[in-house]
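The block underneath contains the structure these notes are about, expressed in structure tokens.
The values are calculated or read from the model by the stated rules, or taken from the named source; none is laboratory data. Just so it is clear, the structure is predicted and the values come from calculations on it, not from any experiment. So basically every Cβ, Gly included, is an ideal-geometry build from the backbone, and we count neighbours across all protein chains shown.
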Amino acid sequence: MRRVYEDPAAEDGDRVLVDRLWPRGLSKEEAHVDEWLKDVAPSAELRAWYGHDPARYQEFRKRYLAELRDSRHRDAMERLRTILHDKAPVTLLTATKDVKISNAAVLADLLNESG
């Protein structure tokens, strides 16, 4: 995981943006994104409720994991798993300031747990 605003690193492998909105002030060329999976991101409602408040992270994580099981996210999750299988290593990108409490962190944990 890393912020999309950081310079790419040699060890990044494929760079997958997992945010619903394109990062402000960043062109597609500057981002060096190989794939943008906006449908794997949390819903607008959940994102607004969370507001990246560290005190709400555990509840956000719980709600986001529930969203990832619904049909709206299923295809995007399957695509992400395919990318991981076919193109490892993969770096999950987010515009969030604190990556450790982001949707990318939740995704990384979920994907690591499921192998």
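Laid out as a table, the results:
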read-out	value
Residue check, Ala48 of a type in the set (A, V, I, L, M), over 20 Å from Ala9 (Cα atoms) and surrounded by fewer than 18 Cβ atoms within 10 Å (Cβ to Cβ)	yes
Residue satisfying condition, being touching a Lys or Arg at 6+ places or on another chain (Cβ under 9 Å), modelled with pLDDT of 90 or more and surrounded by 17 or more Cβ atoms within 10 Å (Cβ to Cβ), within set Leu80, Leu21, Leu107, Leu68	Leu68
Subset tally (residues that are surrounded by 12 or more Cβ atoms within 10 Å (Cβ to Cβ), within 26 Å of Arg81 (Cβ to Cβ) and out of contact with any Leu (no Cβ under 8 Å at 6 or more places or on another chain)) for segment 27-40	3
Tally, over segment 61-85, of residues that are without any contact (Cβ under 8 Å) to a residue 12 or more places away in the chain and either under 12 Å from Val16 (Cβ atoms) or within 11 Å of the chain's Cα centre (by Cα) (or both)	1
Cβ pairs under 8 Å, 6+ apart, first in segment 2-23 and over 13 Å from Ala41 (Cα atoms), second among the charged types (D, E, K, R) and part of a loop (DSSP other than H, G, I, E, B)	Arg3/Lys97; Val4/Asp19; Asp14/Asp34; Arg15/Asp34
Residues located in segment 13-39, provided they are out of contact with any Asp or Glu (no Cβ under 9 Å at 6 or more places or on another chain) and part of a helix (DSSP H, G or I)	Lys28, Glu29, Glu30, Ala31
In segment 24-58, the residues that are among the small types (Gly, Ala, Ser) and touching a residue at least 40 places away in the same chain (Cβ under 8 Å)	Ala31, Ala41
